[in-house]
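Just below is one structure, and these are the notes that go with it.
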Amino acid sequence: MIKSERDYFVSNLYETTLMEQIELQMGKPSNALDEAQEELDDKKNDYAVAFNEYLIPRLEELSELINRNRCENRCDELVDEFLIVYSSFYSPNRYRNLIRLDANISRVLENRYGYFFDIEEEKVEANNLIPGTEYLRYIQDCLGFEISSEQFLTQEQLVQLKGCGFDLSLLDPGKSYFWKPSQTPIEESFLNYQDYFPKEGEELEFKEVKFSGKGSPKIKARFKRNGEKFNVKVKIGGREPHTENFSARLAKRLGLFQDPTEYREEIEVYFKDNDDFNKFLQNMQRKYADMADNFIKKIEDYKEGKKITIRYASLEVTPDDLHKLGGPDIFGWDHKNRREFRSIILWMGFLNLNDMKNTNWRMQLRRTPEGLRPELSMQDVGFSLGKSFTFDDVLEAAEMQFQDLRNANGFEPEFVFKREGSINVKWNDFISYDRVFETTTYFDLKWMARKIAAISLDDIAYALEVSGFAEVEQEIYLRKLASRRDGMVEVFGLEDEFPLFNLPSYAELEVPGVVESGVIVETSVDSLTPYTNTPAIVHLGAFLNRVIEVGNINTRLQLSIGSAFGGNLEYNIPFNLVENENFSVFLARPGVEVGLVREIKNSRFLEYDEGGDQKIYAIDHYTIGFTTQSGITGELSRFLPVELNAKVSHFKIKFDHYRPYSNVNQALKAPANLADILPRMKDYILNIKRNEYLTYSYETGLDLSLKVGHGQHYRVEAGQERVKSTPITFSRNRFGEFEIFQEKIQQRENYVSLSLGIDIPLFYIPILGVEYSFLNYQSQSKLYAFPFSSSQLDDAISQDYLATDISLIEDLIDGNYNNPLLESKVKYNLSAEGSRFARRSFFTFLLTGELEEVFTKTNATYQGDETNVFYRYYVSDADTFGINNGFSAHALWSRDKSSVEVQFKDEEPDDFVIILNNYNFKQQLNGAEIRNFISAQNYLYSENSDEDFFITDILPPADEVNDYKKVMSHIRVFLYADKFLENLDRLMDGELNLIIERHMARGINPFREMKARRVYNYLRTIRTILRQESFSKRRFASLLAHVVKGLNTQDYGVQILSELFGRDHMFVMGEIYGILPSFSYTQDGTSVARRRFAGRS
């Protein structure tokens, strides 16, 4: 059995790599197969190493000892060693709930004041304590017999020692895979691994963007030394490069296992060609949006590719002697009986270390001369040194979400207290478990207090310095950590063993203009930590800006509430922000709209400009509009339940001005300087700052809407909206390059909705309804890029280039686009046209059906290359029982969704690709139901009856698992054109019809027969139009999409796709979320996981 499990986990890693390379890294399937094939190498695959060299040998030795009746103490030791590592693969009852990331909200609220531990409470003490050498004679005298220094003490012996007045907190755990005594100076924490980090002159080459986690942006890179490749993980910008390096070094000094890390003020990353660089930019945008851009200090051409300079980075390496496995159930198995686990809360409280979900712990095997040694490492320890997640009232609870307090200002000077016979540790975490620290005793805490107290002041100061904190941060953190340490020493009465540091209070620290009474008030400190306390009005304004726009407040609230509750809940407020209906008159009259809105954007990730930190955006929106609007609503509603609104035309001029500032106060007080910009527009644009944007646009539109049923138990609404807009944006991007982005947009939308519901004062609650929307659009966009800002103006040629660029920019500002030199500055040119049809039907808020069809035709020209024309057709439908809000599945019982996407180039329609995605979500399944669910998936997606798509042998017995929560299968099918077109041309009508009916029209079912006939007709039409010299590409794409969609693979399976497209011209891969314990799952997706419950691709 253990060997079959090994084979499963090895193949599972193969499938996981395949999915990551195709879906996340967007690699070619052929390259993805090569990458995945490497995972099948027994010597490279960490799981294979764990089974072959650790788990299986111990089971074989255990079996031999049992058969020979020679167990003695060795059998227990072998079982313990086996379970330590096997728990990473087998954790049948890990804590799960229906909330995103399995966050335990009730536990968080229960521990809102922190954790309390009764000093005198009688609990079972840790079972892994040994006498050691220092107190061995005293322990022997108390027990009355000799005992080995390495022998584990029984509960009876521990009780006897307490009776002798012995302090149990003096006892260390024995052999441990989580902690070991450490006498290594902190300066030498990672000294043995310095050769794994790049040295000066060694080029760090980009490999790929890491998609795991949701914190700071991360990439994989590598460098070569003497022909050997070394891999490095680079964490970019923000607080974590500082806090992670500090926390890891202190943890190593404490005796915990940590991966080697190193802080770099600046580091250069190289890209071998422009394709690699574009892949980096694209995947960074997909995963992290613009979070990394703010820390990219410089971009330069280098050889055939690019070179970027990143500031504030953390490097992490994996030594060759380390094999990384998954995260075990941290508080499962016997961990709650081990002192080092029971006491770790004090360490996490000391640093305010949070986000300690299971995936942030990792079991690993280190290769030593004695063989493989298990180690449990805490990963991603950078969520630390900020405010704790404890709170005494609602206002303090609200502060926890503010980024402003996750820094030295929010870090409290005390964290542990003695209260009425209890020890109160002021620590809490949103990622929490039911079994956390329920067995922790006073002596466990006091043991950890001794270990923390042994860390010297010099150790703390050194770790702060090498982690890149600014000098004022170092001083504040040093004083606060010293205060926390001294307070802990006093609480546990350890002053005689560990003298107090007695540093001055942090509140006494004063640095004019930077620190006031120990609080940092200057935001531009070197480590990019945000310090300005954001006024509550800014947070309120950000919320209102999302919910309410200038326009009809009734409509905006309707959309906001409707999206939150899954229904079209309409909140009737009898006014809007532009025009009060009480002043409406019967005749249409001209109106003037003048508006200025300032938005303050406080970002966690910060801006960089000319050596200064600019993390706050002041965004000014100026609007000047002229509108002719109907005012007949009031008159009609006197006689009929009808509302009619018509903006016969509107014309608006809009300016949006983004300006970066160092803090909120500067942004709030900055002048609205449009009047200053307009008279000298050209000069202002030419001197625009880095990360500053100025957009102006002309917009015209026509809006018509009719609503019938006001005050009744029904609603009928119809309307049309037309918009034409021509925005142009001037900016200097994060690399300092000057850019001009020009757009022309036309859009027309028609919509109609019908609902029956309950009309009560202020509220109309729809019960049953259907909505339709039809959208057509056209757009053109062109991006001009001028990289002169990074030019070295040290010769006449470069100066001439600069003068030419400035002249071209002036032409563009003046509206002159005829200069032939401008074409050399076009980075890309896009034109697109398309349409979207959507239908939504619902019954109450719980039963919803959705259909969407989208068509786009895009003409793309990149950097002067030839123009490519792409077609894309997308169709999807979804049936939902419950409310799909993305945070909690408490009210989401099931959801089925299927989508089909067709893509091809204009000149190669017969070389199309079709991507099919099928989703099936269940809120909760028990052990028997999960097997039925998997069997149903196997019936649909297995290649044959002899080889299941999903393997169920690995599942634990049904009685070992309470239930599986948030279960969702996600199957992807990639279909290619070659064989399909050949089969379609070869098959006679009768043969084609027989294949369709065999797949769909099973039994006597007229509806199935109708659907089968429809698909058959689609296929015949495709064959007919392909034989024509010219045909509608849109219709061709639509027919292909509806063929695959009409085959209804969610009910009938994918075997017919194999018949139509050919086995060698389709690729199927998939996984089921919620079976393997993972804390990365959300309702509609997951962060990349090390191990998935994957099918056979």
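Here, each number is a calculation from the coordinates, and none is a lab measurement. Treat the numbers as computed from the prediction; the structure is a model and nothing was measured. Virtual Cβ from ideal backbone geometry, glycine too; neighbours counted across all protein chains shown.
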Seminar exercise, completed: Assertion target for Thr390, Thr368, ordered by fewest C-beta neighbours within 10 angstrom first, is Thr368, Thr390
Exercise. Could you name the aspartates and glutamates in cross-link range of Lys782, using Cα to Cα under 13 Å and dropping any fewer than eight places away on the same chain?
Worked result: Glu739, Glu743, Glu823
Problem set entry | Exposure proxy ranking, count of Cβ atoms within 10 Å, fewest first, for Tyr115, Tyr442, Tyr939 | Tyr939, Tyr442, Tyr115
Problem set entry | Cα extents of segment 893-1086 along the three principal axes, largest first (Å) | 63, 38, 29
Problem set entry | Derived scalar couplings ³J(HN,Hα) [segment 471-487; Karplus, 6.51 cos²θ - 1.76 cosθ + 1.60; whole Hz; x for Gly, Pro] | 4, 5, 5, 4, 5, 5, 4, 4, 5, 5, 5, 5, 5, 5, 5, 5, x
Exercise. Using the Cα atoms as the points, what is the convex hull volume per residue of segment 139-183 in Å³?
Worked result: 96 Å³
Exercise. What does the charge count near Pro185 come to, summing +1 for each Lys or Arg and -1 for each Asp or Glu among other residues with Cβ under 9 Å from its Cβ?
Worked result: -2
Exercise. By how many nm would the segment from Ala670 to Asn502 lengthen if fully extended, with 0.36 nm per residue of separation less the alpha-carbon distance?
Worked result: 56.1 nm
Problem set entry | Proximal charge balance of Gly927 [Cβ under 9 Å; K/R count +1, D/E count -1] | -3
For this session: Taking amide H positions as placed in the peptide plane 1.01 Å from N, state which residues far from Ile99 in sequence (5 or more) or on other chains have amide H under 5 Å from it.
Result: Ala889
Exercise. Along the three principal axes, how long is segment 187-319 when you take its alpha carbons, biggest first, rounded to the nearest angstrom?
Worked result: 44, 35, 22
Problem set entry | Average Cα contact separation per residue, segment 893-1086, under 8 Å, 6 or more apart, as relative contact order % | 28 percent
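Between Glu265 and Thr804, how high is the FRET efficiency from 1/(1 + (r/R0)^6) when r is the Cβ-Cβ distance and R₀ = 35 Å? Nearest 0.05.
Calculated transfer efficiency: 0.45.
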For this session: State whether segment 2-86 is rounded, prolate or oblate according to the following rule on the C-alpha gyration tensor (a ≥ b ≥ c being the square roots of its eigenvalues): a/c under 1.5 gives rounded; otherwise a/b larger than b/c gives prolate, and the remaining case gives oblate.
Result: prolate
Exercise. Taking Cα pairs under 8 Å and at least six residues apart, what relative contact order does segment 2-86 come out at, in percent?
Worked result: 26 percent
Seminar exercise, completed: Computed for segment 893-1086: size of charge dipole around the Cα centre, +1 on C-beta of each Lys and Arg, -1 on C-beta of each Asp and Glu, debye to nearest 20, value 920 debye
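Would you mind calculating the relative contact order of segment 187-319 from Cα pairs under 8 angstrom and at least 6 residues apart, reporting the percent as a whole number?
Normalised by residue count, the contact order of segment 187-319 is 30 percent.
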For this session: Throw me the Rg/Rh for segment 652-782, computed over C-alpha atoms with Kirkwood Rh, two decimals.
Result: 1.17
Problem set entry | Fewest-first sequence of Glu61, Glu240 by Cβ atoms within 10 Å of each Cβ | Glu61, Glu240
